[in-house]
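Inspection log for the structure reproduced underneath, given as structure tokens.
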Amino acid sequence: MELPQLKVFPTSDPSQLLASQDLNGQYDGTIVFFSDKKALTTLVPAAQIYADMDQTFGESIQVIVVPENQGPGKRIVIAPVGSINNDFDDVRRFKDAAFAAGKRALKAGFTAPVVVFADTPAQSNLGWTFGGDDDFKHYVEVTVLGLLESTYEPIDVREHAERSNKPVQAFKQIGFGIGGFDEAQTESLIRNVSAIETGRRVAKDVGSPDPERMSPIQVVKYLQDTFGNDPHVHMTVVDDIDTIKKEYPLAHAVTRASLAVPRHHPRFVLFEYKSPDQDKVKENLFFVGKGVTYDTGGADIKCSGHMRGMSRDKCGAAAVAGFFKTISMLQPDRVNVRAGLALVRNSVGADSYVSDEVIYSRNGTRVLVGNTDAEGRMVMTDLLCQFKEEALASESKVPSFLFTVATLTGHALRAYNGYAIALDNGFARRNQISKRIYDAGHVLADPFEISTFRREDVAVVQPGRSSEDVVQANDQPSTMTNRGHQYPAGFMLIASGLDKHGLKDQKPIGFTHLDVAGSAEEMSSVNWSIPRVTGSPVAALTGAFLLQ
């Protein structure tokens, strides 16, 4: 889905912009963001009439009509941001207001709004970030991203619209009247938000649809359309079942029951991006995305309604794919990036893998299966091992950092609700990887919480007999297990062999586990539907590793 055309009108006085005749014919409405009602009525004097008649005016989004105005100033969506200087405030105030205002403008029939701020946040340091950043330094970018999010529809909706010959309602262009941006900053703003939003749209196109529309095979077709002619990203697909069994044996075990249904067969996708200037490279990044297109739980089947929404268990892989689209558009020179997507279906059937099986990982580690519903760590571990091998074989002098990105545990939801989680091994912690993601996510409205990787998370998965080297899980849900979102990282560390490459070892490798179960989709849905996917953590990863 193409982005609307974005244009910035540099102005220190938005009232002059709204009075300009230059906007007539180009834009058909105005959206005004404000935190102070006095600032609103100063910018839009006609709003004072509404304020005099209704004491609650300005506390919610609404449309006002100013008959005496011409052009976009005739219809105005007023969008209160709310509090922005209390101890618990952050830039999501602008994101939430922008998304809601965009939806309201679309319902009012806007196709080309012009956006202004009646007041802007003062420089603020509420003590949130490790780097002491201004909490609202990217409020403009966040507002633009919120508006772009409001005008997006996932691929299945677009296909239905085409089939029924009913166009998708969306903005064609958006203008922004903002001050304090020179030409270079304006170009950078549009470039960055366009890259982030395009990446998020790829992530949501993969993550949102039902498990048949985005089965492993269908995900690959979509990605081939997206990256097939991309000169900056190399994409490889592994579709041979015998190759998958040999190279990714733990993932193959998970997908065994799906092999009886050809349209559900697994696929592995590998991406590679190389900096155009290798002399500027500061770090090599490797991302593994969990792409379970449907999770029945396998033989340890999800019951009592807990299977609902498991088509979204592919959102980790979806986010990694989206991040690569952002990488392609920004073409950063400070990083080389590799990624692998494990696209499988955890079906249940006569050939399901079961608890008590002992399966060799790619690393040669004997894995005792404890719970077939702990499939996410299984499908990612062998890719993690592959990237460990590549990092060790590389002659690069810069450090390597490996990531797993997954909607992995219910415990993440229980512990942190709607927030993504990052936790580091020693080398990643020393290089402040989680802190970088946390800070970037905070200022770009894609927040993370930092969790910890402790000795207990490794101790609990140690073998209890000579027949295994590591235990995959216990027989309880993660929500009923102590440190239920942390110990899976301990398992992946050992089963991939990364435990041999810590701070004390000759060639340490960073490992950061990102559990995005809380942030990959909204925490609530409309009525009995399933929640909207978000495209997280594309924005946070972009801020942490791509933007300078």
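Ordered by solvent-accessible area of protein heavy atoms (1.4 Å probe), largest first, the residues H442, H138 come out as H138, H442. For the chain, the relative contact order comes to 15 percent (Cα pairs under 8 Å, sequence separation of at least 6). In terms of Cα atoms, the Rg and Dmax of the chain work out to 24.3, 84 Å. Model label points for E522 and V237, set 7 angstrom from Cα along the Cα-to-Cβ axis, are 3.3 nm apart. Were the residues from E389 through D133 laid out at 0.36 nm apart, the gain over their Cα-Cα distance would be 88.5 nm.
Per-residue ellipticity at 222 nm computed for the chain from its helices equals -10500 deg cm²/dmol, with DSSP H segments shorter than 4 residues left out and the rest contributing -39,500 (n - 2.57).
Around V66, with a cut-off of 9 angstrom between Cβ atoms, what is the net charge of the other residues, counting Lys and Arg +1 and Asp and Glu -1? Around V66, the surrounding residues sum to +1. What the Cβ-Cβ distance of R191 and T120 gives, at R0 = 25 Å and to the nearest 0.05, is a FRET efficiency of 0.70.
Net charge dipole, segment 348-428: roughly 280 debye, given to the nearest 20, about the Cα centre with Cβ charges of +1 for Lys and Arg and -1 for Asp and Glu.
Counting lysine pairs in segment 196-313 that sit 8 or more residues apart in sequence, or on different chains, and whose Cα atoms lie under 22 Å apart gives 8. Annotation: the antiparallel percentage among DSSP beta bridges lying fully within the chain is about 35.
If you take all other residues with their beta carbon under 14 Å from the beta carbon of G497, and give Lys and Arg +1 and Asp and Glu -1, the sum is -1. Here's the list of lysines a cross-link from K166 could span, going by alpha-carbon distance under 16 Å and ignoring same-chain residues fewer than 8 apart: K107.
For the set C315, C303, the ranking by accessible area, highest first and with no ligand, DNA or RNA atoms included, is C303, C315 under a 1.4 Å probe.
Relative protection proxy for 257-268, 225-236, from highest mean packing down: 257-268, 225-236 (other beta-carbon atoms within 10 angstrom). Rolling a 1.4 angstrom probe over segment 12-161 with all protein chains present gives an accessible area of which 49% lies on carbon and sulfur atoms.
If one computes the Cα centroid of segment 159-196 and of segment 1-26, what distance in Å separates the two points? First find each Cα centre; the distance between them is then 13 Å.
The packing ranking of peptides 47-55, 127-135, highest mean first, is 127-135, 47-55, where packing means the average number of other beta carbon atoms within 10 angstrom of each residue. The spacing between segment 359-379 and segment 421-468, judged by their C-alpha centroids, is 20 Å. Each peptide among 488-497, 409-418, 293-302 gets the average number of other Cβ atoms lying within 10 Å of its residues, and from highest to lowest they stand as 488-497, 293-302, 409-418.
The values are calculated or read from the model by the stated rules, or taken from the named source; none is laboratory data. No experiment lies behind these values; they were computed from the predicted model shown. Glycine gets a Cβ as well: all are built from the backbone with ideal geometry, and neighbour counts include every protein chain shown. Side chains are part of the model used for accessible areas, which takes the heavy atoms of the whole protein and leaves out ligands, DNA and RNA. Shrake-Rupley method; radii C 1.70, N 1.55, O 1.52, S 1.80 Å.
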